[in-house]
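The values are calculated or read from the model by the stated rules, or taken from the named source; none is laboratory data. These figures come from a predicted structure and were not determined experimentally. Cβ atoms come from the backbone with ideal geometry, glycine included; neighbour counts cover every protein chain shown.
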């Protein structure tokens, strides 16, 4: 094991360096390395004839900071092969110092962290904030926007240059207005300390950056965070609370069924029309139904939204082992689904079909399940013959004017027509939905033509309506 001692140089000048750390550096006869020469303590100690081996040149060799840190860590370990090393870093070794974490986890390194002072205490004082109210400390060189806690005190450290500042700005502009006020802090706790407030959009403009710079984002008001899922959950919880909306409070799983179906069809309509704005709205309406059902389940003590999300996440991971586990896709989707079931084995092939869906979808699902054991026609012509047979049976029932028989035979006719769609790889439900849209579109164009003639629907004969209908069809073909 190669011995490495690590000292934090703090955020200020040499006068703020603890006496023990100062003596350690002055009396050290080992190799002394520093991540960067650009620090007031290093500059002061160099004047006292202490020699440092700096790694600033490595920053110029890589495009990614992670590669820089990994290279530096390897260089320190290599140097320690011949004799123990003293490695210095800005601030405290355990605060926002990736090279230290890499060294602590290196299999060949025996690391001792000797201490140092963090600039966070000085930063809190400079900004006059209390971290107990909620605080997030983020490395500006590597962060995920979705993980930012914007309702807390948020500080970005290591804002080295304009490029990093621009990355921070662009990420925040996806959420916050351009004029949202942020604070820039330079050299907190030192004689050179500065702080100034600017609009977010100016974060990467006209500011001389350094490795002692931080950016502070004050807690963001709730009205600017309505995009966050937790905010939506809180809204639904409020609507269902004793002081909430009477309509929302009285809803049950059963009463909401029709609304889920309606919202789903409205979403399908928006998709069919390729209307992105409508899709955004209708997806929200579908999500509302999911949240309402989850809130009702939570109030009854049966399940929560977290349970719903966890169940879905586990299902997706289980069904995609080739993505999440690196395994080959040796099992098909149906096998993976079957392995998830805890219910007793199915007593019927048809038990696997979804029967709570709209009738056309259910018919298609039943037919597909029956086909898995060979109960199906071999070719399309046989299905067409069955259509003619069912049509004839319906006509006979109609001649007898037997309403029950007509309904039954009409259902049989629709069922076999669904089978026709399946044999041609057509989704019968979506096909009918498309026909509904087409009818609505053409009918409304016919109405418009009648209005343009300064007439009402009651003034138009069926023959005239048919003529205008055909004109509407022709316009669609143009």
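Could you run through the range 452-478 and say how many residues are outside any loop (DSSP other than H, G, I, E, B) and exposed (fewer than 10 other Cβ atoms within 10 Å of the Cβ)? The number of residues fulfilling the criteria is 6. Residues of the range 416-442 that are in a helix (DSSP H, G or I), within 41 Å of the chain's Cα centre (by Cα) and without any contact (Cβ under 8 Å) to a residue 40 or more places away in the chain: 417, 431, 435, 436, 438, 439, 440, 441, 442. Of all the criteria given as (1) touching a strand residue (DSSP E or B) at 6+ places or on another chain (Cβ under 8 Å); (2) modelled with pLDDT of 95 or more; (3) closer than 26 Å to residue 38 by Cβ; (4) not in a strand (DSSP E or B), the one not satisfied by residue 216 is (4). Any chance the range 229-239 includes a residue that's touching a residue at least 60 places away in the same chain (Cβ under 8 Å), touching a helix residue (DSSP H, G or I) at 6+ places or on another chain (Cβ under 7 Å) and outside the structural domain of residue 189 (by TED's automatic domain parsing)? Yes, there is a match, as at least one residue in the range 229-239 is touching a residue at least 60 places away in the same chain (Cβ under 8 Å), touching a helix residue (DSSP H, G or I) at 6+ places or on another chain (Cβ under 7 Å) and outside the structural domain of residue 189 (by TED's automatic domain parsing). Residue 413 meets the stated requirement of being closer than 27 Å to residue 265 by Cβ and in a helix (DSSP H, G or I).
Here's the yes/no breakdown for (1) more than 34 Å from the chain's Cα centre (by Cα); (2) in the same structural domain as residue 8 (by TED's automatic domain parsing):
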position: 22; (1), (2): yes, yes
position: 34; (1), (2): yes, yes
position: 52; (1), (2): yes, yes
position: 56; (1), (2): yes, yes
position: 61; (1), (2): no, yes
position: 65; (1), (2): no, yes
position: 86; (1), (2): yes, yes
position: 104; (1), (2): no, yes
position: 125; (1), (2): yes, no
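When residues in the range 192-210 are screened for being touching a residue at least 40 places away in the same chain (Cβ under 8 Å) and crowded, with 16+ Cβ neighbours inside 10 Å, 4 of them pass. Of the set (1) outside the structural domain of residue 196 (by TED's automatic domain parsing); (2) surrounded by 15 or more Cβ atoms within 10 Å (Cβ to Cβ); (3) part of a loop (DSSP other than H, G, I, E, B); (4) modelled with pLDDT of 90 or more, all apply to residue 96 but (4). Restricted to the range 374-390, and to residues there that are assigned to a helix (DSSP H, G or I) and in contact with a helix residue (DSSP H, G or I) (Cβ under 6 Å, 6 or more places away or on another chain), the residue that is surrounded by the fewest Cβ atoms within 10 Å (Cβ to Cβ) is 380.
Filtered by the rule that a residue be surrounded by fewer than 17 Cβ atoms within 10 Å (Cβ to Cβ) and touching a residue at least 40 places away in the same chain (Cβ under 8 Å), the range 35-71 gives 38, 66.
If we keep just the residues of the range 153-174 that are surrounded by 17 or more Cβ atoms within 10 Å (Cβ to Cβ) and in contact with a helix residue (DSSP H, G or I) (Cβ under 8 Å, 6 or more places away or on another chain), which is nearest to residue 97 (Cα to Cα)? In this case the residue turns out to be 158.
If a residue counts only when it is in contact with a strand residue (DSSP E or B) (Cβ under 9 Å, 6 or more places away or on another chain) and in contact (Cβ under 8 Å) with a residue 60 or more places away in the chain, which strands (runs of 3 or more DSSP E) contained entirely in the range 109-180 have at least 3 such residues? Give the steps one after another, and end with the answer.
Details: elements: 109-115, 135-139, 153-157.
Once the strands (runs of 3 or more DSSP E) in the range 109-180 are filtered for at least 3 residues that are in contact with a strand residue (DSSP E or B) (Cβ under 9 Å, 6 or more places away or on another chain) and in contact (Cβ under 8 Å) with a residue 60 or more places away in the chain, what remains is 109-115, 153-157.
Condition first: buried (at least 17 other Cβ atoms within 10 Å of the Cβ) and in a loop (DSSP other than H, G, I, E, B). Can you find one or more residues in the range 15-32 that meet it? The answer is yes, given that some residue of the range 15-32 is buried (at least 17 other Cβ atoms within 10 Å of the Cβ) and in a loop (DSSP other than H, G, I, E, B).
Candidates are the residues of the range 245-254 that are at pLDDT 95 or above and assigned to a loop (DSSP other than H, G, I, E, B); the one that is surrounded by the fewest Cβ atoms within 10 Å (Cβ to Cβ) is 250.
Residue-by-condition table, conditions (1) surrounded by 15 or more Cβ atoms within 10 Å (Cβ to Cβ); (2) in contact with a strand residue (DSSP E or B) (Cβ under 8 Å, 6 or more places away or on another chain); (3) closer than 30 Å to residue 429 by Cα:
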| site | (1), (2), (3) |
| --- | --- |
| 234 | no, no, no |
| 238 | no, no, no |
| 256 | yes, no, yes |
| 277 | no, no, yes |
| 282 | yes, no, yes |
| 297 | yes, no, no |
| 301 | no, no, no |
